[in-house]
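What follows is a single structure, and I will ask about it in a moment.
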Amino acid sequence: MKLVCTITLFFSVCAHVFSQNINVTSTQTPQQLVNSVLLGSGVTASNITINGVAGMANTPFGNIGYFTNVNGTFPMTSGLVLTTGDAMGSMGPNSSGTSTNPGASQSVSFDPDLNAIANGTITNGVLLEFDFIPAGDTLIFNYLFGSDEYIEFAPPNNSSFNDAFGIFLWGPGISGPFTFPGYPNGGANIAVIPGGIPVTINNINPVTNSQYYVFNESPQDTYGDAIQYDGTTVKLTASASVQCNQTYHIKFAIANVLDQAYDSGVFLEAGSFSSSAVSVAVATVSGDTTIVEGCTYADFIFTRPDTQMGDTLIINYTINGTATQGVDYNNMINPIVFLPGQDTVILNLTPVQDGLNEGFESVTITVSIINPCGDTIISQGTIYIGDGPIINIMESDVLVQCFPDSVLLTASASGGYGPYNFVWTTLTGSPVSIVDSFYVAVSQNGVIQYLVTATDQCNFTQTDTATVTVLETISIDNITVVNSSCVPSGSLSVQTSGTNGNVTYSWSSGQTTQSIQNIVSAWYQVTVTDAVCSTTDSAFVDIIAPPLANFSAVPVSGCSPLTVQFTNNSQNGTIYNWNFGNGQTANANATSNQNMTYTTPVPESYTATLVVSQGQFCSDTFTLVIQVDVCDCNDPEATNYNPLANVNVPSNCIYPYPEISVPNVLTPNEDTKNDEFFLTWKNVTSLNLIIINRWGNIVFEEFSDDLINNNPSWNGDSDGKPVSDGIYFYKFTAIGIGGQELEGHGFIHLLK
């Protein structure tokens, strides 16, 4: 007998990833899901049923579906998903801690095997069963169980909601407590962890057998929003020793326990249900079987069962296909060697970018193995090499009749491996946009060109040019200006060319004729509109011999009261209005170019203003600030201090005369009475004190200009030694606040 196992996948080349959650579809029939998704090499299946129902055209209850995944944190790229609710509800992100999507979920309470491992009353779920014939001596399978019962209804909460999953196997060499017609030795549950422990909520969780548990709930969102369930097991492997070419029966079963809320699900890895000595699979960057010269590469993955890893295994393989090794792709190592303990060998195939248009070329690797039954098992993997593409760009070339305007530029690409990224620049390389469509402003006639570069997902690029052509014909050629006097006498007239159809005029002054008359000096804007476009221009009407205000003042500052002579230097005026703006006076009108004299009656600065007019439409203004000071004594120490003065006149200040009081006895006996000799002062800024003995010698002298902190005083010592009792002569010199000098002298009795 010859068994042929071929792995072929079909997806889009260089597919762009837009989301990070798994995608689930329920359109495949159960036969397609088992044969095309679930089974790997060395296994053939028959009699496929769901919940005991056979021959269905599609999945009947929504509990089962095909999933694909591009999220690298989730450990399976594709496979089968079985759930207690709607399979679509298993898709991420994990938006609910209590997700329940029952759909048309059916009761499986009749199943004694699930009831046995759940240790409780099962309710709704799904049973996927089929017969199969293995080609090898070992059955292996990868799966991952998840649930929203985690972690609220898992230990230590001691919940009865013990949702469960089992893989029940019957056949030659298999025995156990689970019964099925035609298999008298019973069957075994191979969905277990070490110790024969079934996969249920209460058996694997953060508390019990936590090494097999994975958190998927914030803040430990392990799978990055790939799936909905709050927690899962790690990826587990079910395996069993089987006899090649014998018929076995298997049942994948999952169910809610006690209620029908809080969904659970199991993910069955695509192609992992296998039984052969060595299998060949293809893996590419894009997830399909197509690679592109200069873009992607492929890995041929050789695997052998875990039970056969004890010895060295040398495998020879053959390479066929339309592509040539060493020309179209790199040379491959042959044979390959599995070392003891090694279950996987990977060969990398990198295509050579040769620039030739060769179409798609194939590479097929074939491994032939004789199984224990003497059958030849052939496992194949095929990839297809595509040429680097020629990208075609379709861009918009826009014709614009009028400016200013905003123009939509668009670009699309074909011929490469989409989707495409676009970069727009000016001809000089300045960046403009990075999207396929955008608006650009045009503000003048002529041709404007932009470069657009399309880059596909394989980094192939093409550049093309988009052109914007502006063909506005209407033009304002000239505006004739006649300047105005102060009596409105100006005029404007606009001359145009290139007009099309009826022409209208709109001036900023409100007139709508081609020429406007008797206008004052100002800026004027005109918009000329024809049947197609409009254009705008402006002109300034100047004034003829306008009035110019100017004057000088002598003096410009001084003490109050201050008289100022204002000399008028203005030109072209007929009316002169003076204003001294201090609120006390004073408007003076004159019909001639007159000078003014003004005396301020109060000590306040003021602004002198002259407005020169020539009729009601023309005037000019000139201003000058006159500083008026209060000149007086502003020394707070003076008896006549004027707080309003801002200019100090020292000669106006009157200061109090210094006063000195002198004691006549010094008794330095430390009784706190007359222990020191010092002067009591008033209105004094500095003091010099001298003590002289009877022979005319100075025994003490001290000067201070900080009498608050250091008032000169004598304690009866001279050079640190006490002097003898007797009569001593003192004299002092005091300087008053106003600089007055006061001298005094007398006698003091020293008694100890």
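Laboratory data are not the source of any read-out in this text; all were calculated from the coordinates shown. Note that the structure is predicted; figures quoted are calculated from it, not measured. FYI the Cβ positions are ideal-geometry reconstructions off the backbone, even for glycines, and counts take in every protein chain you see.
Run the quick spin-label model on Glu604 and Glu217: label points 7 Å from Cα toward the beta carbon, then report their separation in nm to one decimal.
The answer from the label model is 7.9 nm.
What are the ³J(HN,Hα) couplings of segment 314-321, residue after residue, when phi is run through the Karplus curve with 6.51, -1.76, 1.60 and θ = phi - 60°? Round to Hz, x for glycine and proline.
Per-residue couplings from phi come out as 9, 10, 9, 10, 10, 10, 10, x Hz.
Check Ser718: other-chain or 5+ apart residues with amide H under 5 Å from its amide H, H built from backbone geometry?
Residues meeting the criterion, in which the H sits 1.01 Å from N, are Val723.
With the contact rule set at Cα under 8 Å and sequence spacing of 6 or more, what percent relative contact order holds for segment 279-386?
On the way: 227 pairs, mean separation 37.6, N = 108.
Reported as a whole number, the value is 35 percent.
Here is a follow-up. So what is the relative contact order of segment 475-541, in percent, for Cα pairs below 8 Å that sit 6 or more residues apart?
Values: 149 pairs, mean separation 23.3, N = 67.
After rounding, I find 35 percent.
Taking Cα extents along the principal axes in Å as the quantity of interest, determine which of [x] 88, 73, 64; [y] 79, 70, 53; [z] 143, 110, 57 was computed from the displayed structure.
The listed entry that was calculated here is [z].
Ok, one more. Give me the lysines in straight-line cross-link reach of Lys682: C-alpha distance below 23 Å, same-chain residues under 8 apart excluded.
Here the lysines satisfying the reach criterion relative to Lys682 are Lys673, Lys731.
Restricting to Cα pairs below 8 Å that are 6+ residues apart, what does the relative contact order work out to for segment 87-169? Please round to a whole percent.
Working: 50 pairs, mean separation 24.3, N = 83.
Averaging sequence separation for qualifying contacts and normalising by length gives 29 percent for segment 87-169.
Further, regarding this structure: Per-residue counts of other Cβ atoms within 10 Å, averaged by peptide: what ranking do you get for 619-632, 707-720, highest first? Can you show the working numbers first?
Numbers: 619-632: 16.3, 707-720: 13.4.
Highest mean packing first, the order is 619-632, 707-720.
Another question, if that's okay. Output the peptides 28-34, 643-649 sorted from most to least packed, where packing is the average of other Cβ atoms within 10 Å over each peptide's residues. Don't skip to the answer; put the middle values down first.
On the way: 28-34: 19.6, 643-649: 13.3.
Answer by packing, highest mean first, reads 28-34, 643-649.
Also, I was wondering about something else. Near Phe180, within a Cβ-to-Cβ distance under 10 Å, what is the net charge of the other residues, with Lys and Arg +1 and Asp and Glu -1? Provide the component values of the computation, followed by the final result.
Working: positive: Lys251; negative: Asp113, Glu129.
Summing Lys and Arg as +1 and Asp and Glu as -1 gives -1.
For the chain, what does the helix formula give at 222 nm: sum of -39500 (n - 2.57) over DSSP H segments with n ≥ 4, over the residue count, nearest 500 deg cm²/dmol? Working shown, then result.
Numbers: 1 runs with 7 residues, N = 752.
Taken over the chain, the calculation gives 0 deg cm²/dmol.
In addition: Is there a quick way to get the dipole size of the chain? I mean about its Cα centre, with the Cβ of Lys and Arg at +1 and of Asp and Glu at -1; what is the value in debye to the nearest 20? Intermediate results must be reported in sequence, preceding the final value.
Details: 10 positive and 60 negative charges, 135 e Å.
Using Cβ point charges on Lys, Arg, Asp and Glu, the chain gives about 640 debye.
Could I ask something else about it? So how do 675-682, 121-128, 538-545 stack up, highest first, on mean other-Cβ count within 10 Å? Please list the in-between numbers first.
Numbers: 675-682: 16.1, 121-128: 23.5, 538-545: 14.6.
The packing order, highest mean first, is 121-128, 675-682, 538-545.
Beyond 18 Å, what share of the Cα-Cα pairs of segment 294-372 remains, rounded to the nearest whole percent? List each step's numbers first, then the result.
On the way: 1463 of 3081 pairs.
In whole percent, the long-distance tail amounts to 47.
On a straight-distance basis, which lysines could pair with Lys721 in a cross-link, Cα separation under 17 angstrom, same-chain partners fewer than 8 positions away excluded?
Of all the lysines, those that pass the test against Lys721 - Cα under 17 Å, at least 8 places apart if same chain - are Lys752.
Counting only other residues whose beta carbon sits under 13 Å from that of Leu644, what net charge do I get with K and R as +1, D and E as -1? Kindly include the intermediate steps, with their values, before the conclusion.
Values: positive: none; negative: Glu604, Asp629, Asp632.
Summing Lys and Arg as +1 and Asp and Glu as -1 gives -3.
How far is the Cα center of segment 221-241 from the Cα center of segment 603-679, in Å?
91 Å
Can you tell me the alpha carbon radius of gyration of segment 658-711 divided by the globular rule-of-thumb value 2.2 N^0.38 Å?
Values: Rg = 12.5 Å, N = 54, 2.2 N^0.38 = 10.0 Å.
Expressed relative to 2.2 N^0.38 Å, the Cα Rg reads 1.25.
Which log10 I(q)/I(0) values, to two decimals, does segment 407-494 give at q = 0.15, 0.19 Å⁻¹ under the Debye formula with one point per Cα?
Cα-only, vacuum Debye calculation for segment 407-494: -0.67, -0.88.
Follow-up question, since we're still on this one. Can you list the aspartates and glutamates whose alpha carbon is less than 15 Å from that of Lys251, not counting same-chain residues fewer than 8 positions off?
Partners found: Asp111, Asp113, Glu129, Asp131.
Calculate the length of the line joining the C-alpha centroid of segment 449-512 to that of segment 117-144, in whole Å.
77 Å
Given Gly310, Ser147, Thr25, which one lies farthest toward the positive end of the charge dipole of the chain, if we put +1 on the Cβ of every Lys and Arg and -1 on the Cβ of every Asp and Glu?
Thr25
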